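To keep things clear, I will list the structure first and then write my remarks on it.
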Amino acid sequence: MPNPMTSSPDQPTPQPVPPAPAQQQRGVQQPRSRPPQQRNQPQQQQWADVSVVVPLYNEEESLKELNQQLRSTLGRMNIRYEILYIDDGSTDHSFQILRDMKRNDRHLKVIRFRRNYGKSAALAVGFEKAQGNVVITMDADLQDDPAEIPSMKRRIEEGYDLISGWKKVRRDPISKTIPSRFFNYVTSVLTGIKIHDFNCGLKAYRREVVKSVKVYGELHRYIPVLAHWEGFKIGEIVVQHRARKYGKTKFGIGRFWKGFLDLLTALFTTRFLRRPLHLFGPIGLFLTLAGSVIDLWLIIEWARGLTSLGNRPLFLAGSMLIVIGIQFISLGLLGEMISKTRTTAEEYSIREFLK
Ligand code: UDP
Ligand code: MG
């Protein structure tokens, strides 16, 4: 059994705290106002080296095995750690199992949602509560291997802010792997982030990242995009992936539509939030230009008496392209006007502030 109070020597602030004074002083009369240095002391358990955040929804068969694997890896690392299980409104016995496990293990924290809010919500709450300097997220279905945690932590210590797992050899049905390849490729091209597997559940974050990115809706698929936009340094390592042993996937075919819409949201709320014309403008200009070239060519033909416009459907298509193009440009301009009138100031992610 590792000592959870041990800390690695290069640990930054805050400092570890001695065992809780409250427990020892039970029955001793408390002075009315405590001396200032004691008042300012952080509460016990206010930080950890590593927090593991596990969102789960109906994963009763996997939990015990997962917890054992986590404990054996984390125990060997000789660090101070916590494991946060976020029960996303499970309707099976997941919560009861977690509650029993927590009784014998003080590294565990269990949060239970009143209903199923989705993986992003579970991660967001886990991020909020996590006290570790490095935060690891992983799925509860045993598809991710806890043995990867030490090397991921090492990469964060090397200077990366986010390390994403890359399931290079994937143990999933082909109906999932092919669309996923496509999504990863498109996302990488559109965002300029050079990683292969955006939606891998196994990731490691520097504390600042989880405290600053806002994950909502189903944006958990695109956390690297959000983090990249805030200027965090992203890396990836190849991780082992295992087939789902128990239960079944919680994301059906709907994941592809949602995934696509979420990509739009991710791009929109990062790259184009303050400059919508840069998204709509180029599309509009391209369509208008294409329509104009087609129609101009047909008009010249007509003027030379070579054709009559009445029986050239292409002429109609050209006109439509022009109209649609102008609409795109107008939409972009409208967006610009709306973004100018918004009163909330833009948020900038500040890395350091030397005073
Ligand atoms: N999950 C969750 N809430 C949901 C759906 C899924 O917390 O509404 C959890 C799920 O229990 C698992 C992880 O998110 O721990 C990944 O889900 P799943 O394995 O079904 O996704 P896949 O591996 O098929 O992409
Ligand atoms: Mg899974």
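Derivation of every value follows stated rules applied to the coordinates shown; laboratory data play no part. All figures in this text were calculated on a predicted structure; none of them were measured in a lab. When we count neighbours, we look across all protein chains shown, and the Cβ atoms used for this are built from the backbone with ideal geometry, even at glycine.
Before moving on, here are some points about what is shown:
- Most to least packed among 204-215, 188-199 [average Cβ atoms within 10 Å]: 204-215, 188-199
- Helix 119-129 and the longest principal axis of the C-alpha atoms of the chain enclose an angle of approximately 40°.
- Between the stretch 200-257 and the stretch 152-170, the C-alpha centres lie 12 angstrom from each other.
- Length gained on full extension, Lys258 to Thr91: 57.7 nm, using 0.36 nm per residue less the C-alpha separation.
- Considering only Asp100, Asp88, Asp262, the mean-square fluctuation computed in a Gaussian network model of the chain, springs between alpha carbons under 10 angstrom, is largest for Asp100.
- Note on the stretch 48-271: the alpha carbon radius of gyration divided by the globular reference 2.2 N^0.38 Å gives 0.95.
- Net length gained if the chain between Ile178 and Leu190 were fully extended (0.36 nm per residue, minus Cα distance): 2.5 nm
- 5 Å binning of all Cα-Cα separations within the stretch 277-341, expressed as whole percents from 0 upward: 4, 20, 21, 16, 12, 9, 8, 5, 3, 1, 0
- Nearest 10 degrees, 0 to 90: helix 313-341 Cα axis against the chain principal axis: 40 degrees
- Note on the chain: with a GNM built from Cα contacts shorter than 10 Å, the maximum mean-square fluctuation among Glu82, Glu59, Glu128 falls on Glu128.
- Counted by neighbouring Cβ atoms within 10 Å, the residues Lys258, Lys119 run from fewest to most as Lys258, Lys119.
- C-alpha long axis of helix 63-77 to longest principal axis of the chain, angle in °: 70 degrees
- Extension gain for the segment Lys211 to Arg242, taken as residue separation times 0.36 nm less the Cα-Cα distance, is 8.2 nm to one decimal.
- Taking every C-alpha pair closer than 8 Å and separated by at least 6 residues, the mean separation divided by the residue count of the chain gives a relative contact order of 15 percent.
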